[in-house]
Amino acid sequence: MKRDMELVRKILIKLEEKDDQSPFLPIEGYSNEETGYHCSIMYDYGLVQNFSTTAGGNNPYCVFYVSELSWKGHDFLDKVRDDGTWKRTLSTIKEKGLDMSIKTIGTIATAFITAATEGAVNAIINKK
């Protein structure tokens, strides 16, 4: 299965909003198998905690559970939560022909956030 970073972002957002230990709810437009697989690789990378699955037939992700974001997951989501930053990041990656890894996405998103922060600080300083 191909990794889908849009789905990764949606899972992180959904997990952050989840306020109890209920089973993970489906992501609209994605199958349980796609979502379960992505939760599994996100767990392997350290973005989420407490992943488990129960296979059913040919689907290894028939029923799965993931509890919450890890510290690393929260940090990554903080970089890509804003829709504008997310879109600019993906556009830059595509335009420059870069890899679609978490590290690359995080680095570019951080650069946009840093530039916006510097602009805000400079505006505050120049007003004084």
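Overview of results
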item	result
Total residues in the range 74-88, condition in contact (Cβ under 8 Å) with a residue 40 or more places away in the chain and either loosely packed, with under 14 Cβ neighbours inside 10 Å or more than 11 Å from Arg9 (Cβ to Cβ) (or both)	1
Condition check for Glu17: in contact with a strand residue (DSSP E or B) (Cβ under 7 Å, 6 or more places away or on another chain) and modelled with pLDDT of 80 or more	no
Sole exception among (1) touching a residue at least 24 places away in the same chain (Cβ under 8 Å); (2) under 17 Å from the mean Cα position of the chain (by Cα); (3) over 19 Å from Glu16 (Cα atoms) for Tyr61, by number	(2)
Qualifying positions in the range 64-95 - more than 16 Å from the chain's Cα centre (by Cα) and modelled with pLDDT under 95	Phe64, Tyr65
Residue satisfying condition, being closer than 20 Å to Leu90 by Cα and out of contact with any Lys or Arg (no Cβ under 7 Å at 6 or more places or on another chain), within set Glu6, Glu34, Glu17	Glu6
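The values are calculated or read from the model by the stated rules, or taken from the named source; none is laboratory data. In this text, all values refer to a predicted model and were calculated from it rather than measured experimentally. Glycine gets a Cβ as well: all are built from the backbone with ideal geometry, and neighbour counts include every protein chain shown.
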